[in-house]
Amino acid sequence: QVRLVESGGGLVQAGGSLRLSCAASGTIFSINTMGWYRQAPGKQRELVATITSGGSTKYADSVQGRFTIYRDNGKNTVYLQMNSLKPEDTAVYYCNGDVTQRSGILYSGDDYWGQGTQVTVSS
């Protein structure tokens, strides 16, 4: 009932930039925190950045100052602007959303993930 679809990944040289987008669709009442996570080969999935519906942000130390997360609440979309990319940023990037749905007078919340988009940074 809820889908998160990422786009914008690709291959870029070190020092370059990419912008990821994640659009949520379906029976959505509201989206609370949205975020980006990444998983490199052989490693666990890690948090990159999150943003609340009010605009408060949090970043991993490794991306602080280089990445910027922002969202368009009217479009249920979150973005990740990635600058000064490094080879160690290479990973599959996943979008996450804490979504509230409404059915009549009933509200329910759940966590949703996108399918992931590959980011590869060459040295």
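Hey, any idea what % of the chain's accessible area is carbon plus sulfur with a 1.4 Å probe? Working shown, then result.
Values: 3050 of 6590 Å².
Taking all protein chains in place, the chain shows 46 percent carbon and sulfur surface.
Extending each Cα 7 Å along its Cβ direction at SER17 and ASP110, get the distance between those two points in nm, one decimal.
Each label point is offset 7 Å from its Cα along the Cβ direction, giving 3.7 nm.
Give me the accessible area per residue for the chain, probe 1.4 Å, as a whole number in Å². Mind showing how you got there, number by number?
Working: 6590 Å² over 123 residues.
Dividing the accessible area of the chain by its residue count gives 54 Å².
7 Å from Cα along Cα→Cβ at both SER123 and ARG45: what's the point-to-point distance in nm?
2.8 nm
Please list 36-45, 112-121 highest first by mean number of surrounding beta-carbon atoms within 10 Å per residue.
Numbers: 36-45: 14.2, 112-121: 17.2.
Per-residue mean Cβ counts within 10 Å order the peptides as 112-121, 36-45.
With charges set only on the Cβ (+1 for Lys and Arg, -1 for Asp and Glu), what does the dipole of the chain come to about its Cα centre, in debye to the nearest 20?
Details: 11 positive and 9 negative charges, 29 e Å.
In debye, rounded to 20, the chain gives about 140.
At 0.36 nm per residue, and after removing the present C-alpha to C-alpha distance, how many nm does the segment from ASP72 to SER7 gain when stretched out fully? Intermediate values should be presented prior to the final figure.
Details: separation 65, 0.36 × 65 = 23.40 nm, distance 1.54 nm.
Extending this stretch completely gives an extra 21.9 nm.
For the stretch 67-107, what is the charge dipole size about the Cα centre, in debye to the nearest 20, if Lys and Arg each add +1 at the Cβ and Asp and Glu each add -1 at the Cβ? The partial results should precede the final answer.
On the way: 4 positive and 4 negative charges, 38 e Å.
Result for the stretch 67-107 is approximately 180 debye, rounded to the nearest 20.
What spacing in nm lies between the two simple spin-label points modelled at ALA60 and ASN83, each 7 Å away from Cα in the Cβ direction?
2.0 nm
Stokes-Einstein D for the chain at 37 °C, 0.692 mPa s, Kirkwood Rh over Cα pairs, in µm²/s?
Numbers: Rh = 14.7 Å.
Using the Kirkwood radius from Cα pairs, D works out to 224 µm²/s.
The values are calculated or read from the model by the stated rules, or taken from the named source; none is laboratory data. A quick note: this is a predicted structure, and the numbers were derived from the prediction, not measured. Please note: Cβ atoms are built from the backbone with ideal geometry, for glycine as well, and neighbour counts cover all protein chains shown. SASA here: full protein model, heavy atoms, side chains in, ligands and nucleic acids out. Shrake-Rupley method; radii C 1.70, N 1.55, O 1.52, S 1.80 Å.
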